[in-house]
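Before any comments, here is the structure.
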Amino acid sequence: MKFADLHLHTQFSDGTFTPEDLVVRAQNAGLACVALTDHDSVEGCERAAAACAKVRMEFIAGAELTAEHDDTEVHVLGYFLDTKNAVLLERIGKFQAVRQNRIREMCAALNQLGVPLQAESVFALANCKSPGRPHVARALVREKLIGNLDEAFEKYLKKGRPAWVPKTKMSALEGVELIHQAGGLAVMAHPGLNRTDDIIPDLVDAGLDGIECFHTKHSTVMAERYLEMAEKYHLLVTGGSDCHGFSKKQPLIGTVKLPYEHVERLKAKHVERLNR
Ligand code: AMP
Ligand code: FE
Ligand code: FE
Ligand code: ZN
């Protein structure tokens, strides 16, 4: 049996692996195919594709767009993206700027609380265009301003905590459209994690192509529920570990194994779309 992991992060967002590290790990995990899905970024795709080509692993260029619909945060995965698409790069660039400003606001809030973390220090650690809360948490730990990453989220960064800053997001409908115009397939990420069940019909109407049924944080019961939804709404089925390297307790790559038949269905729909 061949397996894929279609939800992976690198240093180009909040993961700790380089694209090359990730591919070595994918090989060691026995995966036949991987997709890179950094938050609001496609920058790592070229290097990941090159690393995969060297070891004859199948690679799918992707991204995970942070979006919202009806006040619900929803992550929209794009697969088979044209990573040079001008409209995609322009829109992603705008949301990368939003992320960078938000880091400054979070640091200002921390400073108000008497925690002397500088935004420049977070940027230096993140060293990417798409920084996020995990980078703030890591910088706090590195500067011994907090004991560990969990504490950083619990005390300061979780929604509702004093250094949490809301993020301006694109609408999910725009996310789906943006992915489509860049030649990609749009998939709702981890609906069980973001509790986005109620908005599935609206996204289906907007042309959603698939739903991430298998995910680290989905129980077996959840996966079954989303498989049923996929059938009901004629959606493709995807899955992945959402590996962030050592940003989370342990690297998760390969712990969620998507049977390769689902990749074949994704590819068939992608080809069908291109030929239309
Ligand atoms: P952001 O995009 O800046 O809002 O950060 C969201 C990212 O932070 C998610 O993709 C996770 O990788 C991570 N994250 C969110 N909540 C937690 C938490 N409680 N502990 C550790 N990491 C978290
Ligand atoms: Fe993340
Ligand atoms: Fe996500
Ligand atoms: Zn993710």
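Odds and ends about this structure:
- Considering residues of the range 92-101 that are buried (at least 20 other Cβ atoms within 10 Å of the Cβ) and either modelled with pLDDT under 95 or out of contact with any Ser or Thr (no Cβ under 6 Å at 6 or more places or on another chain) (or both) only, the residue farthest from LEU140 (Cα to Cα): ILE92
- Number of the condition not met by ALA172 [criteria: (1) surrounded by fewer than 23 Cβ atoms within 10 Å (Cβ to Cβ); (2) within 20 Å of GLU68 (Cβ to Cβ); (3) within 14 Å of ligand 3 (Cβ to nearest atom)]: (1)
- Matching residues, the range 172-203, being within 16 Å of ligand 4 (Cβ to nearest atom) and assigned to a helix (DSSP H, G or I): ALA172, GLY175, ILE179, PRO191, GLY192, LEU193, ASN194
- Residue among CYS213, CYS243 that is of a type outside the set (Lys, Arg) and within 30 Å of ALA109 (Cα to Cα): CYS243
- Scope the range 1-48; condition part of a loop (DSSP other than H, G, I, E, B), in contact with a Ser or Thr (Cβ under 7 Å, 6 or more places away or on another chain) and among the hydrophobic types (A, V, I, L, M, F, W, C); matching residues: PHE12, PHE17, VAL42
- When restricted to residues that are at pLDDT below 95 and of a type outside the set (S, T, N, Q), the range 162-192 contains 2.
- Matching residues, the range 230-259, being part of a helix (DSSP H, G or I) and either within 16 Å of ligand 4 (Cβ to nearest atom) or in contact with a strand residue (DSSP E or B) (Cβ under 6 Å, 6 or more places away or on another chain) (or both): ALA230, GLY245, PHE246, SER247
- THR37 being touching a residue at least 24 places away in the same chain (Cβ under 8 Å), among the polar types (S, T, N, Q) and away from ligand 4 (no atom under 16 Å from the Cβ): no
The values are calculated or read from the model by the stated rules, or taken from the named source; none is laboratory data. Here the structure is a predicted model, which is why all the values come from computation and not from measurement. Ideal geometry is used to build each Cβ from the backbone, glycine not excepted, and the neighbour counts take in all protein chains shown.
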